[in-house]
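The values are calculated or read from the model by the stated rules, or taken from the named source; none is laboratory data. What you see is a predicted model; the values in this text were computed from it and never measured. All Cβ positions, glycine included, derive from the backbone under ideal geometry; neighbour counts span all protein chains shown. Note: areas computed on protein heavy atoms with side chains; ligands, DNA, RNA excluded. Shrake-Rupley method; radii C 1.70, N 1.55, O 1.52, S 1.80 Å.
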Amino acid sequence: MSIWLPDVTGRSGPLYRAIVEALADDVAAGRLPVGTRLPPHRDLAWRLHCTVGTIARAYAEAARRGLVDGQVGRGTYVVEPAAAPRHLHDYVAARAVEADGVVDMAINRPSGDLSSPAVADALRRLADRNDLGALLGYQLDGVLPRHRAALARWAALEGVTVRPEQIICTVGGQQAILVTLAALSRPGDVILAEELTYPGLKVAAGLLDRVVEGVAMDGQGLCPDALDQALRTTRARVVYCLPTNQNPTMVVMPLARRQEIIAVARRHGAVLVEDGIYAFLAESPPPSLWSLAPDCCVYLSSLSKAVAPALRVGFVAAPEALVNRINGNVSASTMMVPPLLGEVAAQMIENGAAEAAMRRQAAEARERMALARILLGEAACPAGPAFNLWLPLPPPWRADAFAAEAYRRGVVLAPAGSFATTRQVPEAVRVSISAPPSHAALRSGLKVVAELLAAGPDGGGLMV
Ligand SMILES: Cc1ncc(COP(=O)(O)O)c(C=O)c1O
C-alpha cells in the first residue's frame, strides 16, 4: 500500500495544522479507514520536506482532536471517532427523566416551582401594558438599554461590579458561552477548561470546531502549574473555568489560588472566561476573578439556576473593546434575546422578585444538602450549599455501571464521562439534589445511591 500523503495545498496557516486538516478530511471521506497506521514521523517529514517536530506536532494535535491514537514505538493509528455528542441530553440522559416514577438526579435545575408566582405576576403586568409594541419588534443592537441595566444589577448580586455598557444580553448561559468562545478564538484553537467541566462547554466548543483540553484540578480547583504548562504547550489563549461552585465538583477556589491562576493567565496573555452561574449558592465566596482582574477576564452567568431556566436570560460581562464583537455573535445566532422574556426578567430584577427567588433557591439548597449529609455522610457532600454532589465511587464500581444500576432502580445520575475533558475519566457520578420535585423524592433517590454504595457492584447480584 502506498504511503499516506496529506494534501496540504491551498490550506492556510501553519503546516502542522494543514496536515491535521487534511487528515480530518481524509478520515471523513473514508480515504483513511479506522485502524489505518499513519506513516512514521521521519518518513512523512522527508516527503513533506519539513522537520520531524512539525509531524510530531501534527500527530499530537490530531490525537487531541480524537482523530488518531499514538503510542511511542507502536505507531499512530486512525481511531473510531469519539461519539461527539451535539446534544446536552446525550450527556445527562435528560430524556429518561420524563419517564414515570423516575427520580431525576442528573440535571442541575432550580428546585420546585419556587419562581412561578413571581413570573406569573410579571406576565400579568406585561399583558396589561399599553406599550407592548416596543417589545414586539426587532432589537437590532440585541437588547434594550433597560435590560442591560437590570442585568448589571443582577451581576452585582453575584459579586460582579459591571457597567451596563459592558453587558451583552444572551439567550441563557449556554449562548453566553457560545458567543464568548466565538469572539475569543478561531476554528481549531484549543480552549482550556478544568479536567471536569460543564458538558455544555464541550457541546459549544464542538459546534464551533474548537478543541477542549482539560487542565488538572485539586481540592482548590484549577492547578496553576498545570495551567501554566497547558498554556505553554497548546498555545491556547482562552481558559473557561468555574471558580465558585465548580460544575461538577462544586469546589470553591480560595482567594490565593484565584490570584495564582490570574498571574498565570496574565503571563501568557490568556483570557479567563469565568462562569459564575452557581456563585449565588456560595455563602461567603472569595471575590470573583472578574473583580480581581477585569483586564483579563470575561464573566458570564444566567438566571437559569436562581430563577428559571426557561426564561432563557443570561449575560456576558466583557471589557468594552470586546462588547461589539460578542454582541455581533448574538445577532448572528439569535438576532436578539426575546424582548418579552428579557422584560419579565428585568421586571423581576427591578422589583426584587428575582433576588428573592435566588435567596429561596439558596435556602432550599442548604436544606437539601442537610438531608444528603444525613443519608450519604459528610464526606460525600461539598462544604457549602450546592445543587449537586460529586461522588467518587469506591472500587470496583465503575461510573457507567453505577449510573446504569441506579437507573434500573429509577434514579437518573450523570456519570463522570459527561464532564471529562481528558482521557483520564474518574469513576465518579454527579448526583443532582436540586432536581427532585420534593424532599420525599430526593430522600428516595439518595437512599438508592446509598444502597448502591454500600452493596458494591456485586452486592445482591447487581449488574456490572
Ligand atoms: C456551569 C454552567 N454554565 C452554563 C449553563 C447553561 O445555563 P443556561 O440554562 O442559562 O443556558 C449551565 C447549565 O447547566 C451550567 O451548569
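Numbers for the structure displayed
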quantity: Nearest 10 degrees, 0 to 90: helix 439-455 Cα axis against the chain principal axis; calculated: 40
quantity: Charge dipole (debye, nearest 20) of segment 318-413; +1 at Cβ of Lys and Arg, -1 at Cβ of Asp and Glu; calculated: 360
quantity: Taking segment 116-354 and dividing mean pair separation by its residue count, relative contact order in percent (alpha carbons under 8 Å, at least six apart); calculated: 28
quantity: With every protein chain in place, segment 116-354: carbon and sulfur % of accessible area (1.4 Å); calculated: 56
quantity: Segment 298-349: relative contact order in percent, alpha carbon pairs under 8 Å with at least 6 residues between; calculated: 32
quantity: Using alpha-carbon coordinates, inclination of helix 339-350 to the longest axis of the chain, degrees; calculated: 60
quantity: Extension reserve of the Thr233-Ser116 stretch, reckoned as 0.36 nm per residue once the Cα distance is removed; calculated: 37.3 nm
quantity: Approximate spin-label separation Arg325-Ala363, in nm, with each point projected 7 Å along Cα-to-Cβ; calculated: 4.4
quantity: Under 14 Å, Cβ to Cβ, from Ala365 - net charge with Lys/Arg +1 and Asp/Glu -1; calculated: +4
quantity: On Cα atoms only, tilt of 116-127 relative to the major axis of the chain in degrees; calculated: 80
quantity: Extension gain (nm, one decimal) between Arg398 and Leu371, 0.36 nm per residue minus Cα-Cα; calculated: 7.2 nm
quantity: Rounded to 5, the percent of DSSP beta bridges in segment 243-371 classed as antiparallel; calculated: 50
quantity: Relative contact order for the chain, counting Cα pairs under 8 Å that sit 6 or more residues apart, in percent; calculated: 19
quantity: Dipole of the chain, positive end: most advanced residue of Val27, Leu15, Val190 [Cβ charges, Cα centre]; calculated: Leu15
quantity: Heavy-atom surface of the chain, accessible at 1.4 Å and reported per residue (Å²); calculated: 43
quantity: Calculated FRET value between Val52 and Asn130, using beta carbons and R₀ = 51 Å, to 0.05; calculated: 0.10
quantity: Cα gyration tensor shape of the chain, rounded if a/c is under 1.5, else prolate or oblate by comparing a/b with b/c; calculated: oblate
quantity: Förster radius 60 Å - calculated FRET efficiency between Arg17 and Ala440, Cβ distance, rounded to 0.05; calculated: 0.60
quantity: Extension gain, Leu123 back to Leu140 (0.36 nm per residue minus Cα-Cα distance, nm); calculated: 3.7 nm
quantity: Antiparallel bridges, percent of DSSP beta bridges restricted to the chain (to nearest 5); calculated: 55
quantity: Carbon/sulfur fraction of accessible area - segment 15-78, other protein chains in place, 1.4 Å, %; calculated: 53
